[in-house]
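This report refers to the structure that appears directly beneath it.
The values are calculated or read from the model by the stated rules, or taken from the named source; none is laboratory data. What you see is a predicted model, and the numbers here were worked out from it, not measured in a lab. Because the Cβ atoms are built from the backbone with ideal geometry, glycine has one as well, and the counts that use them run over all protein chains shown.
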Amino acid sequence: GLFEQDDMDNWRGVTRSSLTPLARKYSQDLSMGLGRAGRDPDFPGTVAERYTSENNQRNFYIRWEEFMNAEDWSDIPIEAGTADFEGTATLNG
């Protein structure tokens, strides 16, 4: 799982296991929930139709790839915020 505090122990074991010669022969499968997410009129960003999916991991690596392939900061696309927030705080200082 990815949701509990003790998951870090599990991922340490996964990382160690992934370094073995046998594990290096296989690709990581991040297909759970693939094709089952999209836009929702009530929420910003991508919304998964199921509770458990790997959308976060896929989107993390998609964004990471954008950063790695950019030659300049201006090459990185930034989507305008669409969420409505209460209060008066701003990012302008």
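The rows are residues; the columns are (1) assigned to a helix (DSSP H, G or I); (2) of a type outside the set (D, E, K, R); (3) touching a strand residue (DSSP E or B) at 6+ places or on another chain (Cβ under 8 Å).
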{"site": "Met8", "(1), (2), (3)": "yes, yes, no"}
{"site": "Gly13", "(1), (2), (3)": "yes, yes, no"}
{"site": "Pro21", "(1), (2), (3)": "no, yes, no"}
{"site": "Asp29", "(1), (2), (3)": "no, no, no"}
{"site": "Gly38", "(1), (2), (3)": "no, yes, yes"}
{"site": "Pro44", "(1), (2), (3)": "no, yes, no"}
{"site": "Ser53", "(1), (2), (3)": "no, yes, yes"}
{"site": "Asn59", "(1), (2), (3)": "yes, yes, yes"}
{"site": "Glu65", "(1), (2), (3)": "yes, no, no"}
Requested in this report: Just give me the residues in region 48-80 being modelled with pLDDT of 85 or more, surrounded by 10 or more Cβ atoms within 10 Å (Cβ to Cβ) and aliphatic (A, V, I, L, M), in sequence order.
Outcome: Ala70, Ile76
Requested in this report: Give region 15-47 a look and list any residue that's over 30 Å from Ala80 (Cα atoms) and at pLDDT below 80, or say none.
Outcome: Gln28, Asp29
